[in-house]
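Enquirer: Before we start, here is the structure in question, set down as structure tokens.
Only the coordinates and a few stated rules stand behind these numbers; no lab work does. None of the values given here were measured: they were computed from a predicted structure. Cβ atoms come from the backbone with ideal geometry, glycine included; neighbour counts cover every protein chain shown.
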Amino acid sequence: MGNTKSIGIAYSDQDLYDSDQVYVKGVLGYSVAGQGAVTQATSKSTAVTLNKSAGRITMNNAALATATNATFTLNNNLISANDTVILTISGGQTTPGSYNVFANALAAGTVSITLRNISGGSLSEAIIINFSLLHCE
């Protein structure tokens, strides 16, 4: 039993609290119930709300000029001020490498996300951003 530890005559699930190392054989992440999706309504700077630990944000397809940022807020009641937000562009762009995405401010219940057009021209694409929360105490 790889993920359990002997407690004498029975086995107990591994307790991860205060563990120095965690070994995973298989999938590490959130179940389908922990994931969700949301779409921006009116512009690339429109705030969205998704109260899940992981998900997909489909941005509005409004034009974004070259070397320009679009910043929006993700409201999420699962975010604490100690968490880390992982962001990845997962679709919507015609040419991979045309954008950068990063979190630039974090507080309890909210994170500010910025998408930057690093291509040579204006782009009007509905970029899809995957996010995942690394919850910390």
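Enquirer: Got a sec? Which residues in the stretch 94-115 would a label at residue 136 touch, if it sits 7 Å along Cα→Cβ and we count backbone N under 14 Å?
Expert: Hits in the stretch 94-115 for residue 136 at 14 Å: 105-108.
Enquirer: Could you tell me the relative contact order of the chain? Use alpha-carbon pairs under 8 Å, at least six residues apart, and round to a whole percent. Numbers along the way, then the final one.
Expert: Values: 286 pairs, mean separation 34.8, N = 137.
Result for the chain is 25 percent.
Enquirer: Let me ask something additional. Dipole magnitude of the chain about its Cα centre, charges +1 at Lys/Arg Cβ and -1 at Asp/Glu Cβ only, in debye to the nearest 20? Please list the in-between numbers first.
Expert: On the way: 6 positive and 7 negative charges, 95 e Å.
I would put it at about 460 debye.
Enquirer: Can you tell me the FRET efficiency between residue 122 and residue 20 if r is taken as the Cβ-Cβ distance and R0 is 35 Å, rounded to the nearest 0.05?
Expert: Numbers: r = 50 Å, r/R0 = 1.42.
The value I calculate is 0.10.
Enquirer: Starting from the 7 Å offset along Cα-to-Cβ, what nm value, one decimal, do you get for the label separation of residue 42 and residue 84?
Expert: For residue 42 paired with residue 84, the spin-label model returns 3.6 nm.
Enquirer: Right, another one. If Rh is defined by the Kirkwood formula over all Cα pairs and Rg also comes from Cα, what ratio Rg/Rh do you get for the stretch 32-134? Provide the component values of the computation, followed by the final result.
Expert: Working: Rg = 13.0 Å, Rh = 13.6 Å.
Using only Cα positions, Rg/Rh for the stretch 32-134 is 0.96.
Enquirer: Return the loop-located chymotrypsin sites (Phe, Trp or Tyr not before Pro) in the stretch 64-129 (DSSP other than H, G, I, E, B) with at most 10 other Cβ atoms within 10 Å of their own Cβ; answer none if there are none. If you can, show how the numbers build up before the last one.
Expert: Working: sites: 72, 99, 102; in loops: none.
Within the stretch 64-129, no chymotrypsin sites (Phe, Trp or Tyr not before Pro) qualify (loop, at most 10 other Cβ atoms within 10 Å).
Enquirer: Residue by residue, what Karplus-based ³J(HN,Hα) values in Hz, rounded to whole numbers, does the stretch 77-94 have, using 6.51, -1.76 and 1.60 with θ = phi - 60° and x for Gly and Pro?
Expert: Here the 3J(HN,Hα) series is 5, 8, 7, 10, 5, 9, 6, 10, 9, 9, 10, 9, 7, 10, x, x, 9, 6 Hz.
Enquirer: Of 38, 48, 24, which has the largest mean-square fluctuation in a 10 Å C-alpha GNM of the chain?
Expert: Residue with maximal mean-square fluctuation among 38, 48, 24: 24.
Enquirer: With the chain treated as a Gaussian network of Cα nodes joined by springs under 10 Å, which of 92, 29, 121 yields the largest mean-square fluctuation?
Expert: Result: 121 has the largest fluctuation of those listed.
Enquirer: A further question on this structure: If you average 1/r over every pair of different alpha-carbon atoms in the stretch 60-109 and take one over that average, what Kirkwood value in Å do you get? Walk me through the intermediate numbers first.
Expert: Working: mean 1/r = 0.0765 Å⁻¹.
Radius from the Kirkwood sum: 13.1 Å.
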